[in-house]
Every structure is written in C-alpha cells, then in structure tokens.
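Mind looking over this structure? Questions follow.
The values are calculated or read from the model by the stated rules, or taken from the named source; none is laboratory data. Just so it is clear, the model here is predicted, and its values are computed rather than measured. Positions of Cβ are backbone-derived with ideal geometry, glycine not excepted, and every protein chain shown enters the neighbour counts. When the accessible area is computed, the model is the full protein with side chains, heavy atoms only, and any ligands, DNA or RNA have been set aside. Shrake-Rupley method; radii C 1.70, N 1.55, O 1.52, S 1.80 Å.
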Number of protein chains: 4
Amino acid sequence: MKAIVDLCVVPIGVGVSVSEYIVACERILKEASLKTQLHAYGTNIEGEWDAVFAAIKRCHETVHVMGAPRISTVIKLGTRVDREQTMDEKVRSVQVKLQ
Amino acid sequence: MKAIVDLCVVPIGVGVSVSEYIVACERILKEASLKTQLHAYGTNIEGEWDAVFAAIKRCHETVHVMGAPRISTVIKLGTRVDREQTMDEKVRSVQVKLQ
Amino acid sequence: MKAIVDLCVVPIGVGVSVSEYIVACERILKEASLKTQLHAYGTNIEGEWDAVFAAIKRCHETVHVMGAPRISTVIKLGTRVDREQTMDEKVRSVQVKLQ
Amino acid sequence: MKAIVDLCVVPIGVGVSVSEYIVACERILKEASLKTQLHAYGTNIEGEWDAVFAAIKRCHETVHVMGAPRISTVIKLGTRVDREQTMDEKVRSVQVKLQ
C-alpha cells in the first residue's frame, strides 16, 4: 500500500532551535530512498507504507539519541485504492485549476 | 519504544456518515490488545510502537476493503525517553493542577 | 457556524513538563463557557467558531506570557451544515455500534 | 501576533476528488493577501493571526456553499515571541545544514 504522508517532528526539552533535529530526519528519509519535499511546517513523503513508517521510527530513535527527551510528532497520512496518485500530481491538479 | 498516539481516520468518498468505519478501527485496536480511549475527534492509543503502527495499517486496509476509496488520517505521536508515562497520568497531571 | 475542535498546544523551549501550560489553557476554555473534554493528547471543544478561535488565541497569548518563547499547536476542526451534531453524539454513535 | 500555519481542508461527502475545493481556498488566501505556499498535503500560510483565521473561516464557509456538507480540517499553528521568523527562513535553516 502506497502512502503520501506529511511529517512534522517536534523535539521537546531541547530549547527553541530544532533545525538540527529536522536535518537528521531529512537525512534518514533520503537514506531510505523515499521521495520527499521539505516545506515550512513539515516534510511531504511518498512511498510504500512499511518503508515510510520504518523511516519515521528511525527519526524518533535518532532524535532521542541526539538528546531530545520527548518528541511530539504530527503525521497526516493519505492512502487511496481507486487510483495511483503522486505528490506532484496532487500539487499540479490544484495549480492547473488555479490558472 | 512505547508511544502514546492520537488517531483520527477520515474515510473519503463514502458520504458524511463515517461511524461504521470508526467502529471497525476500534475493533482492530481492541483485538491488538492496545489500550485505547475514544473521544469526539479521534482515539487515544497507548502501546509499543510496532504494535500501534501495525494496528493503524490494519485500520487503513480494513477501511479500504469496507469500500472507502480514499482515507486521510491524522496521527499525533508522542514518545519520551526520560521516563515512562501513561495516558492516564497525562490526563491526571492536568486535572490535579486544575483543582 | 458551530465547530467541534480538537486542540493540542505544545509549548517549546520550556522543558519537558508542560502540564502547567495545559492547565492555563483549560481555564481559558472554561472561562469562555465552551464545552470541553480533556483527553490524553489534547482537548475536545464544542462551540461557535468565533468563540472557539478567540479562546485559542488567548491560549497562545497566555502561554507566551507564562514564558514559552515558541508554541506549536495542532487543531483538528470539524464543521457540518447538513445537521447539528454534538461531541457527545459523535462518541455515542460509535459506542452504540461497538456493542 | 504573527503565525505560521499549515492548513489542510478535507471536504467530506463530495466524493474522492476535492481539488476544486482546495482551489477555492487558495483563492481566498490570496485575496486576503496572505503569503502562502501550496504543498502535496496542505498549504503553508504566513500572516497576522486575525487575518489568517478570518481567511480560514471564509474557506470553511465557501467550501460548504460549494456543496460540501461536512469538512474536517487540520491546522498546524506556530507562534513565537523570541524573534521574528518567516516560512522561507524555516526552510532555509534546514536546507543550509543539509548541505
């Protein structure tokens, strides 16, 4: 089952600057060969369900090892069985109609 | 790694009444022996990471088999390594201070 | 327009213990005469749109005044125009079918 | 108070294709002169709190008028008082460290 996911990892207890933790997560997602797109409030991910969630688990494990005692993550998770759809198609279907 | 999760599964393309799909997910979570608490905008879940996400995957598979062509789910996901914490403790720590 | 909301306020930069901030938000919601239900990963709120979002704004203002330099909040927000529905009805419609 | 928001509006009861509703919301956000960035699972918004939430309310009103009986929206909402930060800076602070 393919999934399109929006991932937002929020480390708690490490101060206000959290970009180094986000960077570590981005690297984990890339190493997992997942298609990703960073934005200002998270990262879009496209891939097979098991690969996506294995990578998200590694993100939590890594952010804890880096020193964050607590993490509060938000995941938006889309699956569909009527047809295949990519992240690019989702964005383009809106952009085309906007013009 | 233990996780406290808030799960909200939204079936799309099956009309406005979605409670039968939520019921199916509740049954899957119970069968997985996860501790759960239903509320008005989702379900709190407490358990081991792998058990929680295996159950969430079965929820998506089942809701699709029941006829939903598309699902948009929201997951809030908390882990901590400084100490153990249960769902009950989270609620009580607020309620005690409220009084 | 009536809304059913799930609110989860996460103060950042104040350490791992955040319950005092959640307590302050609970008090603001009560003072606003909104119907609320605390759970382990947020608070359900039922009320008129403007009253709900005015209270959420006061929560952010107050949590900042209490010392949190940064806040990352998650809001699930449901509205419907086909019929009225309360938080209690949402929970009961699932519980009845579960039995 | 300035806010950086991630908005994801999910119309329910109108079938699986929802891009026309997202297009309507994008237009409302532009007309409100808010800075926005569409992605594959929502739209980032930067602006003053009141302007942002007035626009989100218009999105719900409009999507209902367009025929959606029910809407389930997810909002991630960030505010900070330690310093100003734009959406562009958030993305760049991660991208710079990634290289």
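Would the stretch B:26-33 turn up any residue that is touching a residue at least 40 places away in the same chain (Cβ under 8 Å) and not β-branched (Val, Ile, Thr)?
No, every residue in the stretch B:26-33 fails to be touching a residue at least 40 places away in the same chain (Cβ under 8 Å) and not β-branched (Val, Ile, Thr).
Still on this model: Cβ-Cβ distance below 7 Å, separation of 6 or more or different chains: which pairs start in the stretch B:41-55 with a residue that is at negative phi and end on one that is buried (at least 18 other Cβ atoms within 10 Å of the Cβ) and of a type in the set (Phe, Trp, Tyr)?
B:Asn44/C:Tyr41; B:Phe53/A:Phe53
Out of the stretch C:54-98, which residues are of a type in the set (S, T, N, Q), at the interface with chain B (Cβ under 10 Å from one of its Cβ atoms) and outside any helix (DSSP H, G or I)?
Once the filter is applied, which keeps residues that are of a type in the set (S, T, N, Q), at the interface with chain B (Cβ under 10 Å from one of its Cβ atoms) and outside any helix (DSSP H, G or I), the stretch C:54-98 yields C:Gln85, C:Thr86.
Restricting attention to the stretch B:85-99, does a residue exist that is touching a Phe, Trp or Tyr at 6+ places or on another chain (Cβ under 8 Å) and closer than 21 Å to A:Ala3 by Cβ?
no
Are any residues in the stretch B:74-89 touching a strand residue (DSSP E or B) at 6+ places or on another chain (Cβ under 8 Å), surrounded by fewer than 20 Cβ atoms within 10 Å (Cβ to Cβ) and among the basic types (Lys, Arg), and if so, which ones?
Within the stretch B:74-89, none qualify.
Looking at the stretch D:1-37, which of the residues that are among the charged types (D, E, K, R) and in a strand (DSSP E or B) is surrounded by the most Cβ atoms within 10 Å (Cβ to Cβ)?
Checked the stretch D:1-37; the qualifying residue surrounded by the most Cβ atoms within 10 Å (Cβ to Cβ) is D:Asp6.
Of the conditions (1) within 10 Å of another protein chain (Cβ to nearest Cβ); (2) touching a Ser or Thr at 6+ places or on another chain (Cβ under 9 Å); (3) over 30 Å from D:Gly15 (Cα atoms); (4) open to solvent by 10 Å² or more (accessible area, probe 1.4 Å), D:Ala51 clears all except one; give me its number.
The single condition D:Ala51 does not satisfy is (1).
Among the residues that make up the stretch B:82-95, is at least one of them more than 12 Å from the chain's Cα centre (by Cα) and more than 30 Å from A:Thr62 (Cα to Cα)?
Yes, the stretch B:82-95 contains at least one residue that is more than 12 Å from the chain's Cα centre (by Cα) and more than 30 Å from A:Thr62 (Cα to Cα).
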